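Have a look at the structure below, then the notes.
The values are calculated or read from the model by the stated rules, or taken from the named source; none is laboratory data. Remember, predicted model here, so these are calculated numbers, not experimental data. Note that we place each Cβ from the backbone using ideal geometry, even for glycine, and neighbour counts take in every protein chain shown. Surface accessibility is based on the protein's heavy atoms, side chains included, excluding ligands, DNA and RNA. Shrake-Rupley method; radii C 1.70, N 1.55, O 1.52, S 1.80 Å.
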Amino acid sequence: MTIKYNSRYVIVPLESSCLNAIVKNAGSRVYARLVIFASALALCQFSLALDPMRSHQNLAPITKYYADELGQLTYKQIIGLPDNSWTSIDSANFSFGFTETPFWFRVSVSNDTPATQNLLLEIGRARFDSIKVFLTIDGTLTRYVSGADHPYKERVIKHRHHIFPVDLKTGQTAEIVFRAKNSGSLAFPLTLWHRDRFYESDKNKMLTYGAYFGIWLMVLIYNTVLFTAVSHRALASFVAFVFSFGIYQLTSFGLGSSFIWGRHPAVFDATIVLSMGCATLSLMWFCTHILELSKTNRVGLRILQFFSFPALLCMLAYPFLEYAKVIPVLTALTAPSALIVILLGVRSSFLGSRLGLYSTIAWTALLLGTTAKVFAHFDILPMNFLTENSAAVGFLLMITILSFVVAAEFRRQAKLQQEKVLSDNLLIANQQRRTNEQLEGMVQERTAELETTLEELSQANETLKEISTKDSLTGIKNRHYFDTIFEQEWKRASRQNYPLSLLLMDIDFFKKVNDTYGHVAGDECLREVAASISGALKRPADIVARYGGEEFVALLPYVENENALEFANRIRHRVEASTYIADGNKIRVTMSIGVSTVSPTDEDERKDMISAADIALYEAKNSGRNKVCNAGQLSVHSNKIAS
């Protein structure tokens, strides 16, 4: 059997038949070490002797595993299994693909150095459902737990990965047995670290992660700002892809476990599923828009749509299905989706598309990285540092290349657009010059016609203006005209300090006229009454208007209250004495009138004058109708009505 040794790092098999080979190759010094940790070899097929000169040592090659198909074995049962029940691996990391079967692992570590060794056992993957570690040193059993099924506070060392202390004094042997279960991919490296070296290495890794996600954030911000300026659908889908894939990387690396993922494993799983699904969909949409597949390759568009539906369904079904059911499907979709995108880009580049060529170069980096990681998760490739980080490196290369490509392409498009605009403007200017020359001859011919037309329009406008100020039923001025003139007269009276009188008039019992003779007769009666009121007021400054329904209003500038009362009584007598012929019927009506007068100031308001006249009108109706009631000379701003 093969013997591996490196300076003070020695890996040996249990079989005693290899002892002579060890002595022959490694000498008496190695043989002495074998004597020291012989007891550890009795319980584990492989054992590791510490090398203090190395920062870490990979335990996977000397660790054996057992698949607990039923998931019911206990620690006592597992250590009682015969040695031939355990299986070795021939790779640097464990990788079992997607499986929900619990696996047991066993390894022995010995300290043959003269100093106490403070070690850390690292299971280098962020997501596990459950990890249970059983550590035996000198007959003392210590148990540790970690993973999503256990509270984060129960972890012995708070870290994004699963870290367990192994402290060995000189000559001690640690027998390590642990049970690992994961509803996703069960693939991880198993490493034994010197504690100080681990934290130093972890610090360097965090700096690397910081640089990686710093570049990601800069690219994301850059393209987001570019999108706000350009607002192109291809750029929008690219921004969505950069964001979602970056979030997936951030989550899969376990960054933020101390704050979010470790304390809320459900959020961790949901983020993985949603970010992976969104990354797949947005990459397909980006390919669709940047290559204009709806115009150039409708078959390719249909193929992309066909593969996008499973990803979308996985995202929609995730709230109702387990993580273990969804994540293998999404993971399996990534490689063929990326391959289809590459093929579409290659086809587009052969057809002469610059974007197709550049996109193919960028997508190839992501395709290779993603495919390597997917194959590692499905146990097709070994899980190691290269395959574990291949997607991240490919993603970084892709977004960097595409960011420059997209920016350059949009600048080129903008330049072409500017050139097109300049060309169009020049063409338009030439056409405009020729058109102007033609129009100059036509302008003079049309000028006379326009002057005539304008004159006719002016006359028509005056006619329309006159029509718009009249009440269509009675032929006198309407309410809108009254309000306008009232405002003008009020301001003029306020400046020149002359009185304004207001008559508010209402036909008594007019509803009976409509009920008795009909609305046609009522309308004719209103016209006759309006004519009577207009006939009673002869001055050009007096305004008579229909106020609403059977109500009329008269505005009398320069008229004192006493004269206003005379006008009101003249109107009342005239209406009372008239017999109106309406629709063949002889109709007699009476009228109640409210009178108010004011000499307005800047502090007065028109509505107070109308209110006063309205109060006087209702007083006339309440006291028997066919009367004139006077609100008197008002001081509107003091809310006093002279009686």
**Q.** Efficiency of FRET between Val329 and Thr101 - r from beta-carbon atoms, R0 30 angstrom, step 0.05
**A.** 0.95
Q.
Rounded to two decimals, what is the ratio between the C-alpha radius of gyration of region 394-487 and 2.2 N^0.38 Å?
A. 2.47
Q. So what's region 413-467 giving for Cα Rg divided by 2.2 N^0.38 Å, two decimals?
A. 2.05
Q. Over region 360-519, with a single point scatterer placed on each C-alpha, what log10 of the ratio I(q)/I(0) does the Debye formula yield at q = 0.13, 0.14 1/Å?
A. -0.97, -1.01
Q. Taking the Cα atoms of region 231-357 alone, what are Rg (to one decimal) and Dmax (as a whole number) in Å?
A. 16.0, 52
Q | Contour excess over end-to-end distance, with Cα ends at Glu154 and Lys470 and 0.36 nm allotted per residue | A | 104.8 nm
Q. Once the piece of chain linking Met218 and His480 is laid out straight, how much longer is it, given 0.36 nm per residue of separation minus the C-alpha distance between them?
A. 87.9 nm
Q: Give the accessible surface of region 201-274 per residue, rounded to a whole number of Å², with probe radius 1.4 Å and ligands, DNA and RNA excluded.
A: 49 Å²
(Q) For a distance above 20 Å, tell me the whole-number percent of Cα pairs in region 253-321 that qualify. (A) 45 percent
Q.
Please compute, for the alpha-carbon atoms of region 458-518, the extent along each of the three principal axes and give them in descending order in Å.
A. 49, 35, 11
(Q) Just want the answer: with Cβ charges of +1 for Lys and Arg and -1 for Asp and Glu, which residue in Gly624, Cys278, Phe395 is farthest toward the dipole's positive end in the chain? (A) Phe395
Q: Can you pull a Stokes-Einstein diffusion coefficient for region 170-285 at 4 °C (1.567 mPa s), Rh from Kirkwood over Cα pairs, as a whole number of µm²/s?
A: 76 µm²/s
Q. Round to a whole number: what % of the accessible area of the chain belongs to carbon and sulfur, probe 1.4 Å?
A. 58 percent
Q: Hand me the trypsin sites (Lys or Arg not before Pro) from region 116-218 located in a DSSP loop with no more than 15 other Cβ atoms within 10 Å, in residue order please.
A: Lys158, Lys169
Q. Around Lys64, which amide H atoms from residues at least 5 apart in sequence, or from another chain, sit under 5 Å from its own amide H, with H modelled in the peptide plane?
A. Arg106
Q. Kirkwood hydrodynamic radius for region 51-124: how many Å is it when counted over pairs of different Cα atoms?
A. 14.5 Å
(Q) Viscosity 1.002 mPa s, temperature 20 °C: what is the translational diffusion coefficient of region 103-179 from Stokes-Einstein with a Kirkwood Rh over Cα pairs, rounded to a whole number of µm²/s? (A) 165 µm²/s
Q) Hey, got the dipole for the chain? About the Cα centre, +1 on K and R Cβ, -1 on D and E Cβ, debye to the nearest 20? A) 2840 debye
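Hand me the chymotrypsin sites (Phe, Trp or Tyr not before Pro) from region 493-575 located in a DSSP loop with no more than 15 other Cβ atoms within 10 Å, in residue order please.
Here the chymotrypsin sites (Phe, Trp or Tyr not before Pro) that fit, given the DSSP loop and packing criteria, are Phe509, Tyr558.
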Q.
Give me the one-decimal nm value for the distance between modelled label points at Phe350 and Met442, 7 Å along each residue's Cα-to-Cβ direction.
A. 5.5 nm
Q | Per-residue ³J(HN,Hα) for region 219-232, Karplus 6.51 cos²θ - 1.76 cosθ + 1.60, θ = phi - 60°, Hz, x for Gly and Pro | A | 5, 5, 5, 4, 6, 5, 4, 4, 5, 4, 8, 9, 6, 9
**Q.** Compactness of region 537-635 - radius of gyration and Dmax, Cα, Å
**A.** 14.5, 51
Q | Whole-Hz couplings from phi, Karplus 6.51/-1.76/1.60, listed for region 266-280; x for Gly and Pro | A | 5, 5, 4, 5, 5, 5, 4, 5, 5, 5, 5, x, 5, 5, 5
Q: With label points built 7 Å along Cα→Cβ from the Cα atoms of Leu450 and Ile581, find their separation and express it in nm.
A: 5.4 nm
(Q) If I stretch the segment between Ala211 and Ser91 completely, what's the gain in nm (0.36 nm per residue apart, minus their alpha carbon distance), one decimal? (A) 40.2 nm
Q: Send over the Kirkwood Rh of the chain, from the inverse of the averaged 1/r over different Cα pairs, rounded to one decimal Å.
A: 34.3 Å
Q: Divide, for region 508-591, the radius of gyration over alpha carbons by 2.2 N^0.38 Å, where N is the residue count.
A: 1.14
Q) In degrees from 0 to 90, rounded to the nearest 10, what is the angle of the helix 561-577 Cα long axis to the longest principal axis of the chain? A) 80 degrees
Q.
Could you tell me the relative contact order of the chain? Use alpha-carbon pairs under 8 Å, at least six residues apart, and round to a whole percent.
A. 9 percent
Q) With r defined as the distance between the Cβ atoms of Thr228 and Gln431 and R0 fixed at 45 Å, what FRET efficiency is calculated, to the nearest 0.05? A) 0.80
